[in-house]
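Everything on this sheet refers to the single structure shown next.
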Amino acid sequence: MLRSPIEELERKKYFLGNWLKQRQIDVPLTDFLVFAYNNELIIENMAAHRIAFSYEMPNKLRALEMNTPILNEKQVQRLAYELTHAHRVFEPHPLIQKYKLSLEELEVGVTCHVCNRLTMKWRLRIWRCQACGYQDAVSHLNTLQEWYYIKGAQLTNRQFRQFSGIHSRHIAKRLLANPYTELSGKNKTSIYQLSPQLLAMPTNLSF
């Protein structure tokens, strides 16, 4: 089960709205949460009409009512220019370098999505919060996301265990076998490359 990403969607809609207002561009904003893959997901407190898979979007866009034109051709060209000109490639620098920290200075563990404490423990193939009782099966993905922000896009089995509080290298190996990691090397030279797609996931981190 994933926390509802609607809050992140609303945040981005708010900032986009302000960006448009600063440029005196008046267009209504309609938001959808779009998933690239048709996997079965259970998401808390989600309005169904705002969820779509990528293959559904053409029909949803065609269904939007437009009684009168919103922008003329010149305004569309201006908006396209402004968007292109304002675009910046997101290149996250490891926070450990930015703030001159060492891993030893950080509290480690897996964060609970409900109480936001580092109290999740892996028990019987599921993460269970020792503080509030919340359970899910994918909390380690957010831990990998945190590692990506803090240290970078690579880690070893041992580093993952130290960062997550997992003691078994076999359990760590199973959890690292997911769509967001790619293994290279063997035995002591094994290293996991993290996918940038992790950065698109909802996060509790604040910068």
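The values are calculated or read from the model by the stated rules, or taken from the named source; none is laboratory data. Note that the coordinates shown come from a computational prediction; the quantities given were computed from them, not determined experimentally. In this analysis, Cβ positions are derived from the backbone assuming ideal geometry, glycine residues included, and neighbour counts consider all displayed protein chains. Heads up: the accessible areas ignore ligands, DNA and RNA and are worked out on the full protein's heavy atoms, side chains in. Shrake-Rupley method; radii C 1.70, N 1.55, O 1.52, S 1.80 Å.
Restricting attention to segment 132-139, does a residue exist that is open to solvent by 40 Å² or more (accessible area, probe 1.4 Å) and touching a helix residue (DSSP H, G or I) at 6+ places or on another chain (Cβ under 6 Å)?
No: segment 132-139 contains no residue that is open to solvent by 40 Å² or more (accessible area, probe 1.4 Å) and touching a helix residue (DSSP H, G or I) at 6+ places or on another chain (Cβ under 6 Å).
Among (1) among the aromatic types (Phe, Trp, Tyr); (2) within 22 Å of Leu9 (Cα to Cα); (3) part of a strand (DSSP E or B), which single condition is Tyr148 missing?
Against the list (1) among the aromatic types (Phe, Trp, Tyr); (2) within 22 Å of Leu9 (Cα to Cα); (3) part of a strand (DSSP E or B), Tyr148 comes up short only on (3).
Can you tell me how many residues within segment 157-174 are touching a residue at least 24 places away in the same chain (Cβ under 8 Å) and over 23 Å from Glu104 (Cβ atoms)?
Residues that pass the stated criteria total 1.
So, in segment 8-34, how many residues would count as being touching a residue at least 40 places away in the same chain (Cβ under 8 Å) and under 19 Å from Phe53 (Cα atoms)?
2
Restricting to segment 71-87, name every residue that is more than 16 Å from Gln24 (Cα to Cα) and either surrounded by 11 or more Cβ atoms within 10 Å (Cβ to Cβ) or modelled with pLDDT under 85 (or both).
Of everything in segment 71-87, just one residue is more than 16 Å from Gln24 (Cα to Cα) and either surrounded by 11 or more Cβ atoms within 10 Å (Cβ to Cβ) or modelled with pLDDT under 85 (or both), namely His87.
Considering each residue of segment 116-131, count those that are part of a loop (DSSP other than H, G, I, E, B) and open to solvent by 40 Å² or more (accessible area, probe 1.4 Å), and give that number.
Just the residues of segment 116-131 that are part of a loop (DSSP other than H, G, I, E, B), to begin with: 116-119, 124-125, 130-131.
Still in the running and open to solvent by 40 Å² or more (accessible area, probe 1.4 Å): 116-118, 124-125, 130-131.
Counting residues in segment 116-131 that are part of a loop (DSSP other than H, G, I, E, B) and open to solvent by 40 Å² or more (accessible area, probe 1.4 Å) gives 7.
Output the residues belonging to segment 182-192 that are in contact with a Ser or Thr (Cβ under 7 Å, 6 or more places away or on another chain), outside any loop (DSSP other than H, G, I, E, B) and not hydrophobic (A, V, I, L, M, F, W, C).
Hit for segment 182-192 is Tyr192, nothing else.
Could you please find all residues in segment 88-100 being open to solvent by less than 70 Å² (accessible area, probe 1.4 Å) and either at pLDDT 80 or above or farther than 12 Å from Tyr148 by Cβ (or both)? Can you show your working first?
The first filter runs over segment 88-100 and keeps only residues open to solvent by less than 70 Å² (accessible area, probe 1.4 Å), leaving 92, 94-96.
Those that are open to solvent by less than 70 Å² (accessible area, probe 1.4 Å) and either at pLDDT 80 or above or farther than 12 Å from Tyr148 by Cβ (or both): Pro94, Leu95, Ile96.
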